[in-house]
Amino acid sequence: MTDDAMSRPLTAAIRPGAPPPGIADYRRSGGYLGAAKALREMTPDKVREEVTAAALRGRGGAGFSTGRKWGFLPKPDGGDRYLVVNGDEMEPGTFKDRLLLEGNPHQLIEGVIISAFAVRASHAIIFLRGEYVLAAQRLEVALEEAAAAGLVGQGLFGSGFDLDIQLHSSAGRYICGEETALLTSLEGRRAIPRAKPPFPQTSGLWGCPTVVNNVETLCNVPHIIRHGAAWFRALSRGEDGGTKIYGASGRVRRPGAWELPMGTTVREIIEEHAGGMQDGYRLRGFLPGGASTEFLTAEHLDVAMDFASVEKAGSRLGTGTMVILDDRTCPVGMLQNLEHFFAQESCGWCTPCRDGLPWTERILEAIEDGRGRPEDLDLLAMHVDHLGMGKTFCALAPGAMEPLASGLKYFRADFERHIAEGRCPWR
């Protein structure tokens, strides 16, 4: 492999604006060597131990140890077991999985093969956001190529391991990004979360043991198996292993996504890779991990973008894709826009989320339109509390409250000015 491929394993083969590598090009660059090694030279337990040792944490937002998550499955009993890929990327400001899906679909397929082997699953389903039409087309081609080469189906790599991989494009809803709602949707029912326990690893798709992993998470697996856990950990600048696809959107000079060492600072991402703020704009704050994370401000520019450091600063790493707030954008209007999204994407299953999010949106709309009252700030604070973690059926509403809670903390003067002047000062 080239030095670039060793330091940026996820994206080295991706060429923006060009078609993804076909199976021949992918194999020439070392593709499927990790899968061959896993199935021919390792046991499922050894694969899981290697991934655990690599300190790979889930890239979908929760950041749980991937190897440990796999280890929660019960011992095989001869029944069906499933690996489900969560490609329902609908978090506002997040587009990292799309880059991987469109840019190198064979990388995901290889990750699925190894991961399914590790959890002893003979069925894998890629659950894809419905709007990702190009990604679906490229995945279908890659799956056909892999099947023709004998890399999907029966007796993979001369082993006794059989695997079928299906692609499922969803009808689209943000709630499908929640793993149990995703499974319910796959079963053909209304996409609502399930009570836990039981967890999907015990009783998931059609009541069978199931592991749900994010696209970026699984794309790391072939490289870990091929090059080893120590190499993967050395890519990082902290305790969490590997690289991370970070993103930035908003009034920066070069919005986009970049694969960088885990633990790269906010300052480096914004100033070096995103090119800094556009002329005439100043950074006021940013959501570090997509729309459902707490605001941080310019004083947090030197925070390392890893799970522990961002949490210590008062937010979450989430998806690692920053949404930038500049000094010429109204924070109240930005929050109203975010809460509108969360309100319309509520599945309606529990009362706090179903009724609380539209109520929150209406309060923010009133403040933005100049009809706000001083007591509205207390109402918003009440919603932050009543829709918090542990008070709703899933994490959608608590996630929606994270930007609001931090917005009230950092930009309270903006809220008060809207109310005092009876208008939005940015209009």
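Compared with the dominant Cα axis of the chain, that is its longest principal axis, helix 215-227 is turned about 40°. By the Cα gyration tensor, region 3-234 has an equivalent ellipsoid whose semi-axes, rounded to whole angstrom, run 24, 21, 17 from largest to smallest.
Of all DSSP beta bridges confined to the chain, the antiparallel ones make up roughly 45%.
Between A229, Q107, N213, the Cα set farthest toward the positive side of the dipole of the chain (charges on each charged residue's Cβ, about the Cα centre) is that of A229. Considering only K409, K37, K96, the Gaussian network model of the chain with Cα springs below 10 Å gives its largest mean-square fluctuation to K409.
Find the centroid of the Cα atoms in region 214-254 and in region 10-53, then give the distance between the two in whole Å. Their Cα centres are 14 Å away from one another.
The angle separating the long axis of helix 375-386 from the principal Cα axis of greatest extent in the chain is about 20 degrees.
So if the hydrodynamic radius of region 243-326 is defined as the Kirkwood radius over C-alpha pairs, what does Stokes-Einstein give as its diffusion coefficient at 25 °C and 0.890 mPa s, in µm² per second?
Details: Rh = 12.1 Å.
For the chosen part, D equals 203 µm²/s.
Solvent-free Debye calculation, one equal scatterer per alpha-carbon of region 382-427: log10 I(q)/I(0) at 0.21, 0.22 Å⁻¹ equals -0.72, -0.74. In region 331-421, the alpha-carbon atoms span a convex hull of 73 Å³ per residue.
A straight Cα-to-Cα reach below 27 Å connects K409 with the lysines K312, K391, residues fewer than 8 places away in its own chain not being considered. The equivalent ellipsoid of region 2-138 has semi-axes of 25, 19, 15 Å, largest first, where each one is the square root of 5 times an eigenvalue of the Cα gyration tensor. With N as its number of residues, region 183-287 has a Cα radius of gyration that, divided by 2.2 N^0.38 Å, comes to 1.50.
In the elastic network of the chain, a GNM with C-alpha springs shorter than 10 Å, the most mobile of D97, D77, D385 is D77.
Cα-based radius of gyration for region 201-245, normalised by 2.2 N^0.38 Å, reads 1.49.
Sorting the segments 290-300, 313-323 by their residues' average number of neighbouring beta-carbon atoms within 10 angstrom, most packed first, yields 313-323, 290-300. The long axis of helix 331-345 is offset from the longest Cα principal axis of the chain by roughly 50 degrees. When only alpha carbons are used to place a centre, region 401-415 and region 119-190 end up 40 Å from one another. Below 20 Å, Cα to Cα, which lysines can K69 reach? Residues fewer than 8 away in the same chain don't count. Straight-line reach from K69, under 20 Å: K46, K196, K244.
Kindly state, as a whole number, the per residue volume in cubic angstrom of the convex hull around the alpha carbon atoms of region 225-383. List each step's numbers first, then the result.
Numbers: hull volume 22.8 nm³, N = 159.
Roughly 143 Å³ of hull volume per residue.
Taking Cα centre as origin and charging only the Cβ of basic (Lys, Arg, +1) and acidic (Asp, Glu, -1) residues, the dipole magnitude of the chain rounds to 480 debye. The alpha carbon convex hull volume per residue for region 175-235 rounds to 110 Å³. The base-10 log of I(q)/I(0) for the chain, evaluated at q = 0.08, 0.13 Å⁻¹, reads -0.45, -1.13 [Debye formula, identical scatterers on Cα atoms, solvent excluded].
Throughout, read-outs are computed from the coordinates displayed, never taken from laboratory work. Keep in mind that what you see is a predicted model, and the values were worked out from it rather than measured. As a convention, Cβ positions derive from the backbone with ideal geometry for all residues, glycine included, and neighbour counts pool all protein chains shown.
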